[in-house]
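Worksheet: one structure, shown below.
All of the numbers you see were taken from the coordinates with simple rules; none came from a lab. Since this is a predicted model, take the numbers as computed values, not measurements. Here Cβ is always computed from backbone atoms with ideal geometry, including for glycine, and neighbour counts include all displayed protein chains.
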Amino acid sequence: MDVSVRASLQLYRLKELVWYVYDHVPFYKKKFDEKGVHPRDIRSLEDIRLLPMTTKTDLRDNYPYGLFAVPMEKIVRIHASSGTTGKPTVVGYTASDIALWSEVMARSLVSAGATKHSIIQNAYGYGLFTGGLGVHYGAERIGATVIPISGGNTARQLLVLEDFGPDIITCTPSYSLYLAEEAHKKGLNLHKLNLKYGLFGAEPWSEAMRDEIERMLPIKAINIYGLSEIIGPGVACECLEQKGLHIYDDHFYPEILNPATGEPVAPGEQGELVITTLTKEGIPLIRYRTRDLTRFLVGECACGRTYPRIDRIMGRTDDMLIIRGVNVFPSQIEEVLVQVEEASPHYVLIVDRENNLDVLTVMVEVNDRVFSDEIKGLETIEQKIRHEIQNVLGISVMVKLVEPRTIERSEGKAKRIIDNRKL
Ligand code: ADP
Ligand code: ZN
């Protein structure tokens, strides 16, 4: 679609959207009123800057369903991702949202080389997280064959890879490397497989990692981006040119802003990606602050698609970590620690990548009362903390107890994260 034609479509949709949220979401009516902006005031796409922004905190404050724009009888699916504290971020989809999601995931898969003849090994997790079902519906939408193997169980993944003949695999980039290594160990010749393309996302990765993946697996590795609040995976995706991710701006209107001032950055400069969902019904969001840092790439893409392109995600404006594809906030770990009697709130999180899998070690001081040389006592406490974190976050971690006052105190913001992963 010609860029100018799409601009009129976007404006039309934006106008509809502001009336829709003003009439259906009390949270937005209040926000608009407080800002002194009315749906009537939106006359051009630039007027989007008059609108208030939405944050993850707004979702949390309205947990679980407060931002939904439709009654529950119209919601056909719930997904959730990790929130900044113990409570997850909850999103709801109407039937038309599921159709929209299938459409953008179909676009993503096609731009990554899929056709209706493809066999897709979908190794994203099925469940509350959006990855698995997002790919699944997109694959069915283009009439490809989907193998819903879900995440984990590496031995079975390898069996399917070898025997079922998939030409596409979808998973996190780090898991693809792990699979490749395991395949090597088992003496499986990856170059004899049918595999041609991989669609990788849900966590940050670099060009160096892409080179590594493409060397280990004989495939083209394509970067896909998304977040639950906006729809799940399928917000933006690379094409086979592998030069930036096309963002589907007929549905997800992007701005890149200076995170401190909220003003647009100069073209091509890095800033925070802020997205307005132009067509979503269940939980439409106005100017949602993703906290992801990127920039617009200028110029046209050789593939011929006219969607604007964003660069790979270069970082975050908050302290969210992604461990094996799962969002983890230090505050969540802290919440667990304060509830463990023997632990102190002084801790450091150390992230390593061993055999291409993320390993999170929680180093925490025990308090004065319990510190003893009795190793067995300490082991029990470590186990307890490990168990609690597994319960709350759903990921396994290593716990290492240290003596009181051994973790460095800082005068400003505590440095709680040591990320040793070389992406
Ligand atoms: P998902 O299940 O798609 O990962 P979440 O809502 O749990 O959705 O997490 C979304 C976050 O994951 C994004 O805000 C971003 O920080 C990160 N993310 C997703 N895809 C990518 C990607 N391709 N590159 C870098 N980070 C990504
Ligand atoms: Zn392209």
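Odds and ends about this structure:
- Shape of the range 33-158, Cα gyration tensor, a/c cut at 1.5: prolate
- Note on the range 215-326: Cα convex hull, mean projected area over all directions, 8.3 nm².
- Between the range 8-29 and the range 223-239, the alpha-carbon center distance in angstrom: 22 Å
- An oblate overall shape is assigned to the chain, the ratio a/c of its alpha-carbon gyration tensor axes (a ≥ b ≥ c) being 1.5 or greater and a/b not exceeding b/c.
- In terms of its C-alpha gyration tensor, the range 91-318 has a prolate overall shape, because the principal axis ratio a/c (a ≥ b ≥ c, square roots of the eigenvalues) is not below 1.5 and a/b outweighs b/c.
- Neighbourhood charge, 13 Å Cβ-Cβ cut-off, centred on G187 and excluding it, Lys, Arg +1 and Asp, Glu -1: 0
- Per-peptide average of other Cβ atoms within 10 Å, ordering 232-244, 12-24 highest first: 232-244, 12-24
- Relative contact order computed over the range 91-318 (Cα-Cα under 8 Å; 6+ residues apart), in percent: 17 percent
- Using the Karplus relation 6.51 cos²θ - 1.76 cosθ + 1.60 with θ = phi - 60°, the per-residue 3J(HN,Hα) values for the range 10-21 come to 4, 5, 4, 5, 5, 4, 4, 4, 5, 5, 4, 6 Hz, with x marking Gly and Pro.
- Checking the Cα-Cα distances for K384/K415; K116/K192; K220/K243 against a 18 Å cut-off, the pairs over it are K384/K415; K116/K192.
- Whole-Hz Karplus values for the range 197-208 come out as 9, x, 10, 10, x, 6, 8, x, 8, 10, 5, 4 Hz, taken residue by residue from phi with 6.51 cos²θ - 1.76 cosθ + 1.60 and θ = phi - 60°; glycine and proline positions read x.
- Placed amide H near D419: partners under 5 Å, 5+ positions off or other chain: V351
- Long-range amide H partners of G83 with built H, under 5 Å: T89
- Ordering 156-165, 97-106 by mean Cβ neighbour count within 10 Å, with the highest value first, yields 97-106, 156-165.
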